[in-house]
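Worksheet for the structure shown next.
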Amino acid sequence: MSPRSRRRKHAVSQLNLMVVGFRSLGKTSFIRMLFETLAIRKNSKEEPELPASLFQSAESVRDAEEARTKELYSFTLDIEEEGEKISLTLVDSPGFVKDNELRLDVQVTEALRYIEAQFDHTLAEETKVKRNPKAQDSQIHACLYFIDNANNGLTEKDIRILKRLTARVNVIPVIAKADLLTNTQLANLKQAIKKDLKTHEIPVFDFPVDEDDEVEPEMAAEIANAQSQVPFSVIAPEDAAITDPNTGDRIRGRQYAWGIIDCLNPKHCDFVVLRNVLLSSHRKLFKDITLEVFYEQYRTERLMARKASKMITKEQKKKLMEDLSEI
Ligand SMILES: Nc1nc2c(ncn2[C@@H]2O[C@H](COP(=O)(O)OP(=O)(O)OP(=O)(O)O)[C@@H](O)[C@H]2O)c(=O)[nH]1
Ligand SMILES: [Mg+2]
């Protein structure tokens, strides 16, 4: 093995994911479920500092207020996915409020500011004379937008938020708490959301298929399957220990009088498909689009703004000189 390929084999890929959406839709529960299914690398040098919310579900906290995510937080895990080493950062954010337009706008701006601040890190690194080759990529590569399944599609507020988010980040729409919907209701809601996205020309991540790229048939089928599931439905498990009555195995799910939901069963929800899209099949594409489209766009805007402010100063300076000469 050449040193180069050995280096590549050990290379760690950075992936940064964020969740946003209105209050109490299951964002933190989703992060907890994702965390529970990850293969954490034991050889990592330092133990990651993990938030308490990962070990205590909202169901087990009596006070609903206590369970609410109060501020944006992130944590990083060294994981291994299909033989690849990934440094995964998950960013959880406070739920948007529905009944205060002004506050909602501020909250969306805060989420966007966080995303832009990560671009600023790259920008600062790029402009350094001596760049750090080990600089971390903190850009948000994909953002899951949680949609309330109580509505018949996207609301006016969803549309407004999505328009702002899709200008800065790969957005993946998600229907949370899909256990509350029947099959028909879920199918109808998915259709309605797809239609709303199209009508309002909201460019959420759309699983592009590169015609020139030689994709293996198995992979092409996987991509087509993932694309057909958008918006992805997810169900978070309850805390109770549930065992499969046939095999006795532990199930991450929800138990009802009439049966058991297995959150990891693709027939019950799209969690496994979504997880694969995020961590494996589309990981590189998310990163490429973030750097080549969203970062480039942000960088251009920043440079133009800088140039404009310089021009204003020049003009102002000229006017000042003229004013002075008139005295
Ligand atoms: N039925 C059902 N309940 C869920 C599901 N996911 C989460 N919940 C419940 O919904 C409530 C809110 O869950 P959280 O994960 O705290 O929601 P959140 O979006 O992080 O809430 P905020 O941080 O306040 O915005 C809790 O009582 C969860 O147990 C689900 O898939 N199905
Ligand atoms: Mg939360």
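The values are calculated or read from the model by the stated rules, or taken from the named source; none is laboratory data. Given the structure is predicted, the values throughout are model-derived calculations rather than measurements. Because the Cβ atoms are built from the backbone with ideal geometry, glycine has one as well, and the counts that use them run over all protein chains shown. The area values use the complete protein model at the heavy-atom level, side chains included, leaving out ligands, DNA and RNA. Shrake-Rupley method; radii C 1.70, N 1.55, O 1.52, S 1.80 Å.
Just wondering, is there one or more residues in the range 174-191 that are closer than 21 Å to Asp288 by Cβ and within 15 Å of the chain's Cα centre (by Cα)? No, the range 174-191 contains no residue that is closer than 21 Å to Asp288 by Cβ and within 15 Å of the chain's Cα centre (by Cα).
Scanning the range 13-33 for residues that are assigned to a strand (DSSP E or B) and open to solvent by less than 20 Å² (accessible area, probe 1.4 Å) turns up Leu15, Asn16, Leu17, Met18, Val19, Val20, Gly21, Phe22. Filtering the range 135-154 to residues that are closer than 18 Å to Gly26 by Cα and either open to solvent by 10 Å² or more (accessible area, probe 1.4 Å) or away from ligand 1 (no atom under 15 Å from the Cβ) (or both) leaves Ala142, Asp148, Asn149, Ala150, Asn151, Gly153, Leu154. Summed over the range 198-215, the residues that are at pLDDT 80 or above and out of contact with any helix residue (DSSP H, G or I) (no Cβ under 8 Å at 6 or more places or on another chain) give a count of 4.
This table checks each residue for (1) modelled with pLDDT under 90; (2) over 30 Å from Arg32 (Cα atoms); (3) of a type in the set (A, V, I, L, M, F, W, C).
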residue: Cys263; (1), (2), (3): no, no, yes
residue: Lys267; (1), (2), (3): no, no, no
residue: Val273; (1), (2), (3): no, no, yes
residue: Asp288; (1), (2), (3): no, no, no
residue: Met304; (1), (2), (3): yes, yes, yes
residue: Lys317; (1), (2), (3): yes, yes, no
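The numbered conditions (1) part of a helix (DSSP H, G or I); (2) surrounded by fewer than 18 Cβ atoms within 10 Å (Cβ to Cβ) are all true for Ile161 except (2). When Val234 is tested against the conditions (1) touching a helix residue (DSSP H, G or I) at 6+ places or on another chain (Cβ under 8 Å); (2) surrounded by fewer than 17 Cβ atoms within 10 Å (Cβ to Cβ); (3) at pLDDT 95 or above, the lone failure is (2).
The rows are residues; the columns are (1) open to solvent by 70 Å² or more (accessible area, probe 1.4 Å); (2) touching a Pro at 6+ places or on another chain (Cβ under 6 Å); (3) over 30 Å from Phe119 (Cα atoms).
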{"site": "Pro203", "(1), (2), (3)": "yes, no, no"}
{"site": "Met219", "(1), (2), (3)": "no, no, yes"}
{"site": "Ala226", "(1), (2), (3)": "no, no, no"}
{"site": "Trp258", "(1), (2), (3)": "yes, no, yes"}
{"site": "Arg306", "(1), (2), (3)": "yes, no, no"}
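For the range 67-108, which residues satisfy the criterion of being in contact with a Pro (Cβ under 9 Å, 6 or more places away or on another chain), in contact (Cβ under 8 Å) with a residue 60 or more places away in the chain and within 13 Å of ligand 2 (Cβ to nearest atom)? Within the range 67-108, just Asp92 meets the criteria.
Scanning the range 63-91 for residues that are over 25 Å from Thr109 (Cα atoms) and under 18 Å from the mean Cα position of the chain (by Cα), we see that the one that is surrounded by the most Cβ atoms within 10 Å (Cβ to Cβ) is Ile86.
Of all residues in the range 117-134, those being surrounded by fewer than 18 Cβ atoms within 10 Å (Cβ to Cβ) and part of a helix (DSSP H, G or I) number 7.
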